[in-house]
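All of the numbers you see were taken from the coordinates with simple rules; none came from a lab. These numbers were taken from a predicted model, which means no experiment stands behind them. Reconstructed Cβ throughout: ideal geometry from the backbone, glycine too, with neighbour counts over all protein chains shown.
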C-alpha cells in the first residue's frame, strides 16, 4: 500500500500599490472555510512586516489527495477574483511534500 505524506502549499501575493487592504479583505475570506476543509492540518495568512504589499498564504494538508481536492474547490476562485480585479502585481504559488525528508530520516536510522 502506498504511504501518504503531509504536503503543503504557499502563495506569495503582491498587491498593487494602494490595494493591500482590498487584497487582505479577499484573502482573509479563505481562513475559516479552509480550516474546515477535510484534510486541512493548518492554514495561515500573514502580512509581511517589511513589505506592506506582500501577503503569505500557507496551507498544510494530510495528504496530496486532500490538497488537490482543495485546489479543485471553489475556494480557489479568490485568486481569480484578485487577478480579475487587477489588484495584484504577482502571485507565486508553490507546493511541497515531506516525502524526501521522511526518506532521509529513514536512511539515517
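Each helix, a run of at least 4 DSSP H residues, gives -39500 (n - 2.57); summed and divided by the residues of the chain, these come to -9500 deg cm²/dmol at 222 nm. Rg and Dmax of the chain, based on Cα coordinates, read 15.7, 52 Å. Please state the shape class of segment 34-81: rounded when a/c is under 1.5, otherwise prolate if a/b exceeds b/c and oblate if not, all from the C-alpha gyration tensor. In terms of gyration-tensor shape, oblate. Shown is the FRET efficiency for residue 24 and residue 71, computed with R0 = 35 Å from the Cβ-Cβ distance and rounded to the nearest 0.05: 0.95. Cβ crowding within 10 Å ranks 76, 10, 67 as 76, 10, 67, fewest other Cβ atoms first.
With a cut-off of 18 Å on the backbone N, the residues of segment 1-43 near the modelled label site 7 Å out from residue 63 along Cα-Cβ are 1-9, 37-42. Taking the number of Cβ atoms within 10 Å of each Cβ as an exposure proxy, the fewest-first ranking of 28, 36 is 36, 28.
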